[in-house]
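To keep things clear, I will list the structure first and then write my remarks on it.
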Amino acid sequence: MELLTALQGGFGDSADALRIDGRTLSREQLLGAASVVAGRAAGASALAVVARPTLETVVALVGGLLAGVPVVPLAPDAGPVERDHILRDSGADLLAGAPDEPAGAVAALPVDLAESTTSRHPEPSGERAGLVLYTSGTTGPPKGVQLSPGALAAGLDALAAAWEWTSEDTLVHGLPLFHVHGLVLGVLGALRTGSKLVHTGRPTPAGYAEAQGTLYFGVPTVWSRIAADEASARALGGARLLVSGSAPLPVPVFERLAAVTGQAPIERYGMTETLITLSTRAAGERRPGSVGLPVDGVRTRLVGEDGGSAVPSDGESLGELQVAGPTLFDGYLGRPEANAEAWTSDGWFRTGDVATIGPDGFHRIVGRASVDVIKSGGYKIGAGEVEAALRDHPAVADAAVVGAPDADLGQLVVAFVIPDGPVTGEQLTAFVAERLSVHKRPRRVVLVDELPRNALGKVLKKRLLEG
Ligand code: MLC
Ligand code: AMP
């Protein structure tokens, strides 16, 4: 399966085919440098990549894919607990990053853009995972989602069709390069469609405004900040398409963005495990609060709370959204139980999201079935992982973590902590930021004497959210 079609030369090339944080690379230069990485990575079990927003990250990613070695992106600020877990769980035996990147116990593969080779590695047949992306669940440490080159290609082709995305586009975003949105859509998408890529380093309104793109990607927090910054928003008026995803785009943000930029955003829905499965269309209706229709090849259904009954497509009845199709992952790495839970006996993936489907087929995502999965700034954060990190602090007796509604981030990570000694909220925030990664830190810590529990001892999180 050839995934990186734009590297075959058919779309032409330019010195600034890729621009990240002000530095540029042509596709030919990318291929030359990535081929060096591929030569060094060949035969590895898995290649971890410290996914800073840099050209080196893209070179390492492409090198791993060309070598047929599963690529495991790491959040650059991942603390020791998160990083050690991902390295151990994925079996990564090489770690790629800038030459000064500390590799720890794993062998280092330094990426130097000055190194290039004319030897070429034909893209592998695709039997092994292309990417292993780590995602948090309700409990326990993050799980490795195995995505095949075939699923990645099918997902990107479906989006290219839905958004009329071509080599004429210049894609702009500033999203992190260790998740589906920034990495799969935001980097591999450009390397498959042949569009130019501008990565702004951070997803700031000013960075987006300066970039002069035709196609812009953002999470709702980014769009909300752009909509509030009129000068930047107006600069996007000439773009072809503004696309929001990774979390619900609030209707007032949709409307404000449409008013200030002169164009309604596209909203699309997906998951690490399924890639992007639903979207409104470039040529179709863009309805506020709706994520539109299944993309090419994807099938959806709603299932009632009892797990079996079908839910009518009346735009009101709620059910769990289940999906099937060629964009789905090949299972969680080494997790037979999680895999058994994730799929129905008839082969559908349970998303854990609650949705409605209208008579016209338009889907609306209403929320998540579990309060233990938090979406903050578009990042998925498992309450259980943050609670476990907090309990590792010597002055914490117990902790419960919830996602409180927040105008900027969608949800805010809030920790209710029973202390067992002198400790401040700031200290606990820093403790989590250092052990896991910065975006998983509780932004608010409430010290309490006890946690509300039901008769079975389970914490009543809804009560914490109400109080
Ligand atoms: C803050 N910082 C700290 C810290 N507190 N550093 C150390 N310790 C602490 N206690 C630093 C950070 O490192 C960072 O530095 C800076 O402060 C700001 O970080 P932040 O507070 O986390 O930024 P924030 O404003 O909250 O970020 C908002 C955001 C971000 C929207 C930019 O949440 C984001 O990038 N979201 C994108 C998530 C995403 O791509 N999700 C896709 C998942 S895939 P510095 O130096 O970095 O500025 C998916 C599938 C699909 O969902 O459908 O797409
Ligand atoms: P992740 O595991 O980070 O890929 O996050 C996937 C989750 O993000 C989904 O299960 C949804 O809960 C949420 N999500 C993604 N896109 C949207 C959207 N457009 N609207 C609402 N929720 C979304």
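The values are calculated or read from the model by the stated rules, or taken from the named source; none is laboratory data. Remember, it's a predicted structure, so these values are computed and weren't measured experimentally. Note: ideal-geometry Cβ built from the backbone for every residue, glycine included; neighbour counts use all protein chains shown. SASA here: full protein model, heavy atoms, side chains in, ligands and nucleic acids out. Shrake-Rupley method; radii C 1.70, N 1.55, O 1.52, S 1.80 Å.
Annotations for the structure displayed:
- Residue 23 versus residue 408: modelled label distance in nm, points set 7 Å from Cα along the beta carbon direction: 3.0
- Among 116-124, 216-224, 393-401, the order from most to least packed when residues are scored by Cβ within 10 Å on average: 216-224, 393-401, 116-124
- The apolar share of the surface of region 208-318, taken as the fraction of accessible area on carbon and sulfur atoms (1.4 Å probe, ligands and nucleic acids excluded), comes to 50 percent.
- Beta bridge orientation in the chain: antiparallel %, DSSP, nearest 5: 60
- Per-residue Karplus couplings for region 330-342, computed as 6.51 cos²θ - 1.76 cosθ + 1.60 with θ equal to phi - 60°, are listed in order as 9, x, 7, 5, x, 10, x, 5, 5, 5, 4, 6, 6 Hz, Gly and Pro entered as x.
- Cα gyration tensor shape for region 1-118, rounded if a/c is under 1.5, else prolate or oblate: prolate
- Separation of the residue 212 and residue 228 label points, Cα + 7 Å toward Cβ, nm: 3.0
- Long-range amide H partners of residue 437 with built H, under 5 Å: 79
- Protection proxy ranking for 4-15, 410-421, using the average of other Cβ atoms within 10 Å per residue and placing the highest first: 410-421, 4-15.
- Each Lys or Arg adds one and each Asp or Glu subtracts one; over the other residues with Cβ under 12 Å from the Cβ of residue 147, this totals -1.
- Between 271, 46, 246, the Cα set farthest toward the positive side of the dipole of the chain (charges on each charged residue's Cβ, about the Cα centre) is that of 246.
- The separation of region 408-442 from region 154-208, counted between C-alpha centres, amounts to 32 Å.
- In this Cβ point-charge picture (+1 for Lys and Arg, -1 for Asp and Glu), region 13-152 has a dipole of about 260 debye about its Cα centre.
- Computed from phi, the 3J(HN,Hα) profile of region 287-292 under the Karplus parametrisation 6.51, -1.76, 1.60 (θ = phi - 60°) reads 9, x, x, 10, 9, x Hz, with x in place of Gly and Pro.
- Carbon plus sulfur fraction of accessible area for region 21-176, probe 1.4 Å, in percent: 51
- Distance between the C-alpha centres of region 360-390 and region 273-292: 19 Å, rounded to the whole angstrom.
- Per residue solvent-accessible surface (Å²) - region 5-186, probe of 1.4 Å: 35
- Ordering 306-317, 322-333, 422-433, 81-92 by mean Cβ neighbour count within 10 Å, with the highest value first, yields 322-333, 81-92, 422-433, 306-317.
- Set of aspartates and glutamates near residue 375 by C-alpha distance (under 13 Å), chain-local residues within fewer than 8 positions excluded: 353, 406, 408
- Alpha-carbon centroid distance for the pair region 37-83 / region 115-135, whole angstrom: 10
- The charge dipole of the chain, taken about its Cα centre with unit charges on the Cβ of Lys, Arg, Asp and Glu (plus for the first two, minus for the last two), comes to roughly 360 debye.
- Restricting the trypsin sites (Lys or Arg not before Pro) of region 374-467 to loop positions (DSSP other than H, G, I, E, B) with no more than 13 neighbouring Cβ atoms within 10 Å leaves 458.
- Region 373-466 - share of DSSP beta bridges that are antiparallel (%, nearest 5): 80
- Surface exposure of region 373-466, expressed per residue as accessible area with a 1.4 Å probe, stands at 47 Å².
- Projecting the Cα positions of 69, 262, 448 onto the charge dipole of the chain (unit charges on Cβ atoms of Lys, Arg, Asp and Glu, taken about the Cα centre) puts 262 furthest along the positive direction.
- The antiparallel fraction among DSSP beta bridges confined to region 1-102 stands at about 30%.
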